Each structure stands twice: as structure tokens, then as C-alpha cells.
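Here the structure is laid out as C-alpha cells; the discussion comes afterwards.
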Amino acid sequence: MKMNLGNRIANLRKKKKMTQQALASKLFVTDKTISSWEANRTEPNLELLVKISEELDCSTSYLIYGNLNKNDIETEIKIKLTKSEYENLQMFLEENAKFINETKQLDTYYQPSYRNFLKDKTADITEWLRIGIRGNKKILNYKNWYNNMYCDEYEVEIDDEVNLEKIFTILGIEKLTTVNKLRKTYYYQNKYEIALDYVETLGYFIEIEVKEYNKTALEEYDSLLKLAKSLKLDLNHIDKRGYPYHLIYREEQSK
């Protein structure tokens, strides 16, 4: 049977061993509303879709389009933009893509004292350990990049940040920096998630991630480059270091 929005909500709810009433109470709707969604009689609006994705631990694009799990592999590119490029892309995406949401994201990065994720000023960053605030959730995320094309990605929800900080201290895991950004997210061509970021002190960026995998990670990365060219983005401005590196470098320069 082909999965649809109602099926996906029902399946994810049951995997979390949550009743319709329990989900309804978290979303401030009735259990009849949940039942109507799952029977595909009605559909939640975009604001509720975002809340559902937070409660059921999935992406909004999965709820809407049913993208398959990518087995802890992430393929994406990030490109630095000028303000005018950012504004032009926003207008294009408003007309040609599906708007998902706008969120304020606060990401704090860490590293073990015996490791050096930053390496040196000429090396590309390959690893990050991050705590990110996403709505009412806090997520611990680890990434390990391969040639800045794709990465292993693992994450888990944090329900006790105080104790996690204590564990970090005991293990010698130290804070590096915090990234504060405003992100506007779109879904494009039923395959790509495109995020327009304004990062405090750093400026404007676009991040394009593969959400529907039809090829290998390397082949999908090549498709990202072709998409970037079609959007008239300058591939010379691909960022291979990431927001935390640039913030830390700025902090060092200001000392």
C-alpha cells in the first residue's frame, strides 16, 4: 500500500507507543482531529505539521513527501551569499518551491580536549559535536565528513541538559562556540531541502541537502553541484569549514 500523510502520522505515533489522545494533548487539538488526519479525511496546516514533526521526531519533508531514511548519511553543500543573492533566491523559492518553515536555531559546538576538530587554519573541518535547539527539543548531533561531500550523521534527543553538561565536564569535552541563525527552509523538486540562513555576525548562506536518495552519495553530491549552477550560484564560494570555524577564527583575530 502506498504511504500517505495520514499513514505516516499513524505509523510514527505507534512507533513511539503514543495514543491518539496523547498526541492530541501535545498539539492542543482533539483526538478526533488526530483520527481524521490518520484516516486522510483532513490534513494539518503547516504550523501543525512542524509541531507534529517535533513530537514524532521526523522531518516535515518526511511527513509531506515520505522521504526514505538516508541511513545516517547526509549529502549537502553550503555556499556564501551576498545580501542581494539571498533576496533573489528567496523570491525564486517563494515562487518555485514549497515553503516549510522559518526557525531561529541556536547551535553550541563542543570538542574533546584530547582532539582538535579545528585542526589548522588551512585544513578542512571534518568533525563536529553539537547541541542544537529545534523548537522545544534539544538535539545532540555528531557529524564526520568525507571530502566535504557527504558525512556520517548521528543524533539523539537530550532530555537532561544539566547532566549532559556534567558528563561533558568529566570527559573533558569543552565548548567551542555558539552559532545563532535564522533559517528559512524550502522543499524543491521533491528531492532537495534548501535552507536560506542569516547567521549572526557571519551574514548570508544557502545550504542545499539531498532528501530523496536515488544514487550513491558521491553521485548525489554531483547533482547538488549541477543544481547550484542552475540556481546561478558561485561554486567558488562553497564553504568547506562551517559556521563554527568562522566564528572561532573571528574570536581569535579579535584577541
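Nothing in this text is a laboratory measurement; each read-out follows from the coordinates by a stated rule. Model, not experiment: these values are computed from the prediction. FYI the Cβ positions are ideal-geometry reconstructions off the backbone, even for glycines, and counts take in every protein chain you see.
At what distance in nm do the modelled label points of Asn136 and Glu219 sit from each other, each positioned 7 Å from its Cα along Cα→Cβ?
A separation of 4.3 nm, rounded to one decimal place.
In nanometres, what is the gap between the two model label sites at Ile167 and Asn116, each 7 Å from Cα along Cα-to-Cβ?
2.8
Mind listing which GluC sites (Glu not before Pro) in segment 171-255 are in a DSSP loop and have 14 or fewer other Cβ atoms within 10 Å?
Listed in order of number, the matching sites are Glu200.
R0 = 22 Å: FRET efficiency of Ser230 with Glu74, Cβ-based, nearest 0.05?
Numbers: r = 21 Å, r/R0 = 0.98.
Step by step, r from the Cβ atoms, then E = 0.55.
Taking neighbour Cβ counts within 10 Å as the exposure measure, how do Ser25, Ser113 sort from fewest upward? Write out the running numbers ahead of the final one.
Numbers: Ser25 14, Ser113 9.
Fewest-to-most ranking of Ser25, Ser113: Ser113, Ser25.
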